[in-house]
Every structure is written in C-alpha cells, then in structure tokens.
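Working notes for the structure below.
We did not get these values from a lab; they are worked out from the coordinates using the rules stated. Everything numeric in this text was worked out from a predicted model, so none of it was measured. Neighbour counts are summed over all protein chains in view; Cβ atoms, including those assigned to glycine, are modelled from backbone coordinates with ideal geometry.
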Amino acid sequence: MGSNMKAEVELKPRLLINGKLVEASDQKTFTLYNPATREKVADVPEATQADVDAAVAAAKAAQPAWAAASPDHRAACFKKLAQLLHKHSDELAHLEAVSMGRPVSGYFDAHAAAAEFDHYAEAWGYIQGQASVNTPGYLTMTLRQPFGVVAAIIPWNVPLFFLGHKAAPALITGNTVVLKSSEKAPITCARVAELIVEAGFPPGVFNVLSGHGMPSGAALSSHMDVRALTFTGSSRTGRLIQEAAAKSNLKKVTLELGGKSPALIFADANIEKAVKETSYSLQWNSGQVCMANSRIYVEKSIAPKFIEAFTKQFADVKQGDPTSADVTVGPQADEVQYKNVTSYIEEGKKTSTLALGGKGKLDSTNGYFVEPTVFLDTAEDARIQKEEIFGPVANINTFETEEEAIKKANDTEFGLYASVYTKNIDRAVRVAKALESGYVGVNCTSPVTAKDLPFGGYKTSGQGREGWLHSMNNFLEEKSVIISIEEGGS
Ligand code: NAD
C-alpha cells in the first residue's frame, strides 16, 4: 500500500454535483461487497432523479463560461487532474481490487486515465472547421462547437480508463459532463470526484454520480437537457439507452457495446505466439473484457497441438486475493457475474466437450472465482458460442479452409475485435478485409490496441468510434456559416 492509501473503514463515497461532494438527495445508499471475500466495502450513494436533475442543471449553467474560456484554461485543469491520478494510482488500484476484484499487479487504469487528460490537454488545437471560396460571391466556413451537456455512462470492468476516455474529449471540446459510474465499481470514480475538486475544475463542469441503471442511468438517457451521451456497456443496455434517447430529445448517442470476438489460427502461424496471446486475451481481468477472443478457430491440422498448448497456458494463472502483488487473476466482479458465468459453463457441459476447468470456486474460496475453462467442438448455434459470457471461458473450434474460417468468424451479431494468425501476407490481408469487425489484429489479438486508431463495433457491438483525436468528433456539432461578399470595393 502507498502512503496515500486510505483505510477501507474511512471510505465515504459521495456524489459530485456542482463542485460539492454530497450524499444522495434522499440519503439512500447501496452496499458494495468485495467479490474476493464477500465482505462489505462501502455504502455508496444511490443518485436519485433529483440528483440527476441537479447535476444536469449545474452542468448546463456552467457550460457557456467553460466553452468561452481559453482552451489553455481547460487544459490546466486537465494537467492537474492527470498529476493527481498518477500520484494516487496505488490507492486507486487498491480500491478497484476490493470493489471489483481487479488484481493490483496488472492495474494501469489511473495512469491510462491520466494519459487521456494529458493527451486532450494538448489536442484542443485540432478542434477546427473548414473554410472555402468555392461558392462565387461567398465565403463559407464551418464551426465546430460543443453540444452543451454530455452524459457519460460507464461499465465496471476498467472504470477509470473509461472515465478519462469519455470525459476528457467531451470536456476539452467545451462541453460539460455528468458521468455515472457503474454500481459494481463506483468507489474509484467517487475518489476521483474528490480529485476533480482538487484539480480546480469550476463547479458544475465535471459532475460524477453513482447509482444503478434505474433510476440514474435511465434518467440521464431520457433527460431533455442532455444533448449527447456516450455509453460503454452491454448491447442490451445500449438498446435501452438509444430507445430513451429517441423518445426524449434525440440526443446524439455513441455506443461501445459487447463482443464475441473470433481469433483465427492458420496452420502456418507462429503457434507459440498465438497460444500465449489468445490465452492472455481471456485471462486478463478474469475474461471480463469486451474484446476478449472468446471464440478461437484453429486449422484442423494443428488443432491437437494448439489445444494441448492452450489448455496448459490458460490454466497457468495465480488466482487469489487481488490486493496481493503476486496474484494475476482475481474473482468475477460480483455475484451476478459469477452466476452468469457458471450457468453458461453448466450449459456448455451439455453442448460441448469440456477440456479444462468447468467449475466455480465459491464453496472452496468464499469468493467469486471461476476456473479457467475450455470447451471444444461447440455447436455454432449454441448459446455459449453466440452470447457474451464475460468470464474465463474459451471455445475452441476447428476449420479446414479460409472460406470456412471467415464464415464462422462472421456468423455472429457482434463485431468488435477479430484476429488472424498466419505468416501468409496475402491471406492476412484477404481475411482482415473480410472480417465483419471494427478492429482486426493480424498476428496479434486483444487487448492489443493503438491509441490513435479508432475503436468501435460493427453490428450490435456499437455505433460510433472512440480514440485519440477521433473521440472529439462525438462531442462537436458542426455549423455551416455562409457569408456574402459584396463585389467591387474601393
Ligand atoms: P451494463 O450494460 O450492465 O452496464 C453499463 C452501465 O450502464 C452501468 O453504469 C449501468 O448502471 C448502466 N445502466 C444499466 N441499465 C441502464 C439503463 N436502463 N439506462 C441507462 N444506464 C443503464 O454493462 P456492464 O455489465 O457494466 O459492462 C459489461 C458490458 O460492457 C459487456 O457487455 C462488455 O462487452 C461491454 N463493454 C464494452 C466495451 C467497448 O469498448 N465496446 C468496453 C468494456 C465493456
């Protein structure tokens, strides 16, 4: 623990509304439990409709002055917050470990959030329109301007990364923000709310709420004064949010949703590399990653070799107390996730061949740990092949031709990340072109991404793209201005 660590008993998460750290308007809280021990961690404010209204009203009141200020002024708050995030990274790692079970050994979120604020502090010069004299008698130009109030609703798997990833581009473009954390991992965001005050953001500019989808998430989605909303979470919730947006004020919605990502391993691939990377893709964060390669397709001729090496590598994790420095894999985030994952596993035992694991470890550990599990020969229409499990469960199937591999990979409603392992450059390019996916890794797989590439989903994996520079487009309206020029002149 770092010297700046707070004892767990001191935890008093608050909402940040209009620059003040407050309880919910009706003082109601919900209890957060440590998924590794099932002990109570904190009572967390459950934001009410009145709290959402107050936060949006504060954001609306603060927005004109924030947008009118010099971008340097906005950037100064970003730089200070980035410094504070770096400084408190150990403390935040500990808080995430006890709230959703992420091992401190692999914690990077606070530094990643800081990198977002640092990046956008420098990126404001790219907020530019265009000008032309293509229309005779006129000067035309476009202006890029903020929407006003932006809502950000984030998931629990990488909370602070999403806080930075969404709030930084929304704020630097002159919008004000109301962010709602996930009920499964609210305390790091609540701690960052304190740092936002310390960083000197003007009251109302950056508001942070905690609470469930009902009422606070739904209230933001249907709020008439929220003009843009950025969401990361499940496809199910994404649909509800888009429906609420359509039924209220048609706010602009950006959706980063679920996945069931395929990895195609051809016989000429570097098998050792493919085994290492595809298993890490599903080990990281206990498989609770939107882009994890949960469907692995291996060319039949190398399947026995690949499966043997994969099951060995996949089982090679140190599960345990996520606050211990030597633990690499923690529990599932909570009871709901644990029950989901273990019920998919039980169903898989009926529709597939179990090659590794296959059990939840609640009884033996008193925490929501799940054995790394591998299924073989899963029917392509089985639920465990079609739906997102969000746990350490790999399905390995085989293929004989490139055409068959592509067809199977694309036979899904998701399209977030796909990967292909082959040494044949022509095949790599053909397959990358054919995959119905917003992101393709060639001889690499998730979580490998590049900061300056747009990230987002095909099909039900989402709408819109995020990424350095790209995200700012989600928060800028475009205005066309046409100016008549009188001919002649003295
Ligand atoms: P979730 O959809 O259950 O919840 C996400 C957020 O939405 C939470 O803050 C929740 O409180 C809120 N919410 C729930 N119901 C709501 C409603 N009716 N209206 C408004 N908000 C509501 O998702 P989760 O379980 O937190 O996260 C896991 C999911 O997120 C997985 O499907 C995963 O694939 C996806 N995910 C996607 C990406 C991506 O970049 N595409 C990244 C991480 C996670």
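Going 7 Å from the Cα of ASN424 along its beta-carbon direction, which residues of region 281-297 have the amide nitrogen within less than 13 Å of the resulting point?
Once the point is set 7 Å along Cα→Cβ of ASN424, nothing inside region 281-297 turns out to lie under 13 Å by backbone N.
Along the Cα-to-C-beta direction of LYS276, a point sits 7 Å from the Cα; which residues of region 340-376 have their amide N less than 16 Å from that point?
No residue passes the distance filter.
Students often get this wrong, so check it: of LYS312/LYS433; LYS318/LYS349; LYS40/LYS251; LYS276/LYS386, which have C-alpha atoms separated by over 29 Å?
LYS312/LYS433; LYS40/LYS251
Just to be sure I understand the model, the point goes 7 Å from the Cα along the line to the Cβ. What's the resulting GLN130 to THR29 distance in nm?
The answer from the label model is 5.4 nm.
What nm distance separates the two modelled labels at VAL197 and ALA76, each placed 7 Å from Cα along Cα→Cβ?
Between VAL197 and ALA76, the label points sit 2.1 nm apart.
Report, ordered by chain and residue number, the aspartates and glutamates lying within cross-link reach of LYS60, taken as a straight Cα distance under 13 Å and ignoring same-chain residues fewer than 8 apart.
ASP225
Just add up the charged neighbours of GLY456: K/R +1, D/E -1, any other residue whose Cβ is under 15 Å from the Cβ of GLY456. Working shown, then result.
Values: positive: LYS166, LYS252, LYS451, LYS459, ARG465; negative: GLU256, GLU436, ASP452, GLU466.
Combined, the nearby Lys, Arg, Asp and Glu give +1.
For region 262-456, what's the relative contact order in percent, using C-alpha pairs closer than 8 Å and at least 6 residues apart? Write down the numbers at each step before the final one.
On the way: 367 pairs, mean separation 52.5, N = 195.
Contact order relative to length: 27 percent.
Where does the charge balance sit around VAL253 when Lys and Arg score +1, Asp and Glu -1, over other residues with C-beta under 14 Å from its C-beta?
On the way: positive: LYS166, ARG227, ARG239, LYS247, LYS251, LYS252, ARG465; negative: GLU243, GLU256, GLU466.
So the surrounding residues net to +4.
Once fully extended, how much extra length lies between ARG239 and SER364, figured as 0.36 nm per residue of separation less the alpha-carbon to alpha-carbon distance? Mind dumping the intermediate values first?
Details: separation 125, 0.36 × 125 = 45.00 nm, distance 3.80 nm.
Gain on extension, ARG239 to SER364, equals 41.2 nm.
Counting each pair of different Cα atoms once, what's the Kirkwood radius of the chain in Å, rounded to one decimal? Don't skip to the end; give the middle numbers.
On the way: mean 1/r = 0.0424 Å⁻¹.
So the Kirkwood estimate lands at 23.6 Å.
Rounded to the nearest 0.05, what FRET efficiency do ASP316 and ASP377 have when you use their Cβ-Cβ distance and R0 = 25 Å?
Values: r = 23 Å, r/R0 = 0.93.
E(calc), rounded to 0.05, equals 0.60.
So what is the relative contact order of the chain, in percent, for Cα pairs below 8 Å that sit 6 or more residues apart?
Numbers: 1133 pairs, mean separation 87.3, N = 490.
Once divided by the residue count of the chain, the mean separation gives 18 percent.
Based on DSSP H runs of at least 4 residues, each adding -39500 (n - 2.57), what is the mean residue ellipticity at 222 nm of the chain after dividing by all its residues, to the nearest 500 deg cm²/dmol?
Values: 15 runs with 177 residues, N = 490.
Theoretical 222 nm ellipticity from helices: -11000 deg cm²/dmol.
Exceeding 23 Å between C-alpha atoms, which entries from my cross-link table qualify? They are LYS12/LYS361; LYS180/LYS359; LYS339/LYS459; LYS260/LYS300. All intermediate terms of the calculation are to be shown ahead of the outcome.
Numbers: LYS12/LYS361 31 Å; LYS180/LYS359 34 Å; LYS339/LYS459 27 Å; LYS260/LYS300 21 Å.
LYS12/LYS361; LYS180/LYS359; LYS339/LYS459, as the Cα separations exceed 23 Å there.
Using 0.36 nm times the number of residues separating LYS12 and SER301, minus their current alpha carbon distance, what extension gain do you get? Don't skip to the end; give the middle numbers.
Numbers: separation 289, 0.36 × 289 = 104.04 nm, distance 5.74 nm.
Extra length available between LYS12 and SER301 comes to 98.3 nm.
Cut-off is 10 Å between beta-carbons; in what order do LEU435, LEU282, LEU356, LEU139 appear when sorted fewest neighbours first?
LEU139, LEU356, LEU435, LEU282
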